[in-house]
Each structure stands twice: as C-alpha cells, then as structure tokens.
Amino acid sequence: MNAPHTTEPQPTLRVALLGCGNVGSQVARILLEDAENLAARIGARLELTGIAVRSVDAPREAELPRELFTTDAESLVEGADIVIELMGGIEPARTLILRAIDHGASVVSGNKALLAQDGPTLYERADAAHVQLSYEAAVAGAIPILRPIRDSLSGDRITRVLGIVNGTTNYILDQMDTTGAQFADALADAQRLGYAEADPTADIEGYDAASKAAILASLSFHTRFALENVHCQGITSVTAEDIASAKDAGYVIKLLAIAELLKDEAGDDGVSVRVHPTLLPRDHPLAAVRGAFNAVFVEAENAGELMFYGQGAGGTPTASAVLGDVVSSARRMVLGGPGRTETTTGHVPALSIDMVNTSYYIGLDVADQPGVLAKIAHLFAEHGVSIETMRQTIHPAKDGGEASAELRIVTHRAAESSLAATVKHIQDLDVINAVTSVLRVEGI
C-alpha cells in the first residue's frame, strides 16, 4: 500500500527593501502581486518585511500597504535574509549593505556608483561571509548582460565589450542625428520626456557610463576595476556640425563604454576601460540602437560576436532585473551552497588610454591656399599616422576676409599616443585656423 502523499510547507525568506523610488516601488509591487508565482519558481515564499524610506508620507509610483514603510533601515536589514538596495548614492547604502552581509543576508543592488567606487570591498566582504552579492540592475536596466558574462561565457575568453549603457545620452545623440537638433535643445527635450534629470551632469559628462564600464570590465576580465581605472569623456563637446559631418561620411556618433583586452609595452595582457563619444559605421549593430535604448556588444574568442539589446532604464524594466537577482539568490539559499558574486582569477592590470590602438576623426578649419594638404599630410606621416579618408569643403571669402576650407579626416588605426601627439602638433601649423573636433572611431 502506498504511503499517503504529504506536502512539506515551503520555507519563508524575509526580504528587506531599501528605497522606494521608480524602481523600488515596482519591485515591491511585483513581490506582493506575484508572490505565488515567485514561490513556485524558488521553492520558498518571499515575505516583504518592510521598505526603508526617508519619508513614509512621500508619494509612490505604486499603491503599497502603508504599514510596510519604515525609516529604521538598520533594524530592517538585521532581520532580513535578502536585502534589496535601491537607495542609490554611496552612504548610507554602503554601510547598510555591509551590515546586511555581516548578518548573513544576500544582497541585491542596482547601485552602479557604489559598485564602481567601492565594489572590491563589497565583493571581498561577501566572499568572506559566503553570501551572494548580485547587481544585474546596475548595468543596462532590464538587459540581462552581467549573468551571461559571468555564467554563460565563463568558459570562453572575452576580448572586448562595447556598450551603449546610458539611455539619456543615446537619446540626445539620436535626436541630434535624426532631427539636426543642437545639443542644448536635444537635452531639454530629454528632460521634458523624463529621460534626463534636472541636473544631467552624471549622464552627459559620462560618469554614469563610466561606473557601468568598470562593472562590465570587472566581470569580463575577472579583475576588479574601479572608477579610477576608467578614462571618461562626455558628450557636451559634440556639436550638431559634428553629427552632420559624421552622417555625411557614413557614421553615427554614440557614447560608448569600452573594455578591451590589449598588450602592454612588454607584451603582457592588460585592459583598457574607457568611455567617450565614438563614431561607428552605420552598418555596425550598435549604430541602430535608437532613442533611450541600451545595447552591449561582446566579442569572445569562441562565441564570436554577441549583442544584448533592450530598455536600459525605467521602473518596471529595471525591476525585472532586480527580481531576477532576487530569485537567483533565493534559490541558492533554498538549495544551499556558497554565495556567488564574480571571479577574480585574472588580475589583469588596467592600461592607460595611451596604449589603445584606435582611429581618429579630426575636423580642421584651414586656410584655402596651395600647399595646405601637403603640410598636413607630412605632419601625419612624421607621427606614423596614416590618413584613410579626407573630405574638403571650401568656404568662399566673405566681407573682405580670406577663403577657408573645412577638412574632415579619418585616420587608419594607430596608437592613441601617436594620434594625440599628431593633433597637438597640427594646431601649431600656420595654415590651421582651428581644430574643430576630435573624435575616436570604432568598428572599421
């Protein structure tokens, strides 16, 4: 006779949520509304024990039970099995995450600034405590990119990662490209639509993308890179004229986060991590990423070229990435075993941008007179830089002034140091009125 079937009650995992902004409110809503589905996937129930906020009475994106809100984040953290940190900023987020780890809780965070600045400390503390620190939402919103790099490509060797990881700057540059708008007008439009903050500095100066670049590089090359290892240049100097000239030459300008495996002067491996406006050929997959969308292009020795594309921001899409990490952490707790953060077996040094081989797009305002092109070509040759293409537009003299010409030069790939020296010395030529733009080129 068969024994009667019995169902063991599911264990309950206590979840503390720190922060209830656009993303946090959607995370809380999903935890409450999809509790049964999440429990079926995990094998345990997730109990949202509280939401730590600065003001209990502030308006929220979602209707949530008032009794969940508290200003006592410390007590909430100490009683949790999983802590979701969506506060942003460095403090008190850092202190609360460390307190959670020390109490044996797994942590899910979307805090790219903290992870880029002090990630190594957090990773080491999580490793020592055998808890999981997950942060898929810290890079590219809803796009699942960190877990594929960490897990799916762990048996491969990544050689380069190029990413459009900031929706604000991509929207601005896309508007400039498609409508001919000036930078200030495109920025104002992004602010009106909610794509840009009232203070957009972190986005347009590249700091947000640089934080994400450090995280991508750390996972891709199994080495802990910090924000200080990232060369950072924003888009504030990109003009409508740059966009138009690039378009005429068959390029589009994107703000790219790039992490690339290179050789140093001794022939040893090193990694360059950088963020800057970049010209891409219009047939490159990243060139087609429009509006506020994000995409990450990965190159690996065996898998070849892979692209991950989707919404890079927004409460609900980013909440999806957060919940993916929560489910992963909860499953580990149910099944047992040590936490998983990232592997750091490589210890590859960060290289200066001077070690990069790239191409330049250079705009010059020059005197319209015989011998100008010869002087410019000679200086390029002196620095070992080869010109790939050159376009010239003549501007007739006006109001008794002298005629001038606009030159747009794209170089072949060369050392960044050689290209920078070329630009520096070209300004000293007596036939140069101004160097109007200098941008890097990828994908050629």
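The values are calculated or read from the model by the stated rules, or taken from the named source; none is laboratory data. Keep in mind the model is a prediction, meaning the values are calculated, not measured. FYI the Cβ positions are ideal-geometry reconstructions off the backbone, even for glycines, and counts take in every protein chain you see. These area figures cover heavy atoms from the full protein model, side chains too; ligands, DNA and RNA do not enter into them. Shrake-Rupley method; radii C 1.70, N 1.55, O 1.52, S 1.80 Å.
Using a Förster distance of 41 Å, how high is the FRET efficiency between R192 and A367, based on the Cβ-Cβ distance and rounded to 0.05? After rounding, the FRET efficiency stands at 0.45.
Remark: spin-label model distance E402-T178 equals 4.3 nm, labels positioned 7 Å along the Cα→Cβ axis. D for the stretch 285-328, whole µm²/s, Stokes-Einstein with Kirkwood Rh over alpha-carbon pairs at 37 °C and 0.692 mPa s: what number? Translational diffusion coefficient: 270 µm²/s. For the chain, carbon and sulfur atoms together expose 48% of the accessible surface, with a 1.4 angstrom probe and every protein chain in place. Measuring with a 1.4 angstrom probe and ignoring ligands and nucleic acids, K424 comes out at about 140 Å² accessible.
Highest mobility in the GNM of the chain, judged by mean-square fluctuation with C-alpha springs under 10 Å and restricted to G119, G104, G304, is found for G304.
Mark the label point 7 Å from the Cα of A249 along Cα→Cβ and return the residues of the stretch 285-307 whose backbone N is within less than 13 Å of it. From the stretch 285-307, the list is empty. Judged by the ratio a/c of the largest to the smallest principal axis of the C-alpha gyration tensor, the stretch 291-438 counts as prolate, that ratio being 1.5 or greater while a/b is larger than b/c.
Here's the picture: charge each Lys and Arg Cβ at +1 and each Asp and Glu Cβ at -1 in the chain, and of Q233, S417, G304 the one pushed furthest to the positive end of that dipole is G304. The eigenvalues of the Cα gyration tensor, multiplied by 5 and square-rooted, give the stretch 1-110 an equivalent ellipsoid with semi-axes of 29, 17, 11 Å from largest to smallest. Helix 372-382 and the longest principal axis of the C-alpha atoms of the chain enclose an angle of approximately 60°.
At a probe radius of 1.4 angstrom, the accessible area of the chain per residue rounds to 44 square angstrom.
Sequentially through the stretch 23-36, phi angles give Karplus couplings (6.51, -1.76, 1.60; θ = phi - 60°) of 6, x, 5, 6, 4, 4, 4, 5, 4, 7, 6, 9, 4, 5 Hz, Gly and Pro residues having no value and appearing as x. Average 1/r across all pairs of distinct alpha carbons in the chain, invert it, and you get the Kirkwood radius: 23.8 Å. Mean sequence separation of contacting Cα pairs (under 8 Å, at least six apart), scaled by the length of the chain, corresponds to a relative contact order of 16 percent. Rounded to the nearest 10 degrees, the angle from helix 93-102 to the longest Cα principal axis of the chain is 40 degrees. By the helix-only formula, in which each DSSP H run with n ≥ 4 contributes -39500 (n - 2.57) and the sum is divided by residues, the chain has a 222 nm mean residue ellipticity of -10000 deg cm²/dmol. The smallest convex shape that holds all Cα atoms of the stretch 141-194, its convex hull, gives 96 Å³ per residue. The largest-to-smallest principal axis extents of the Cα set in the stretch 200-297 are 40, 31, 23 Å. In this structure, the residue pairs whose Cα-Cα separation is over 29 Å, taken from K112/K254; K247/K375; K263/K375; K254/K424; K112/K424; K212/K263, are K263/K375; K112/K424. Figure note: E382, E136 ranked by solvent-accessible area, largest first, 1.4 Å probe, ligands and nucleic acids not counted: E382, E136. Residues F308, F380, ordered by accessible area of protein heavy atoms at a 1.4 angstrom probe radius and largest first, appear as F308, F380. Largest first, the residues H383, H276, H284 sort by 1.4 Å accessible area into H383, H284, H276.
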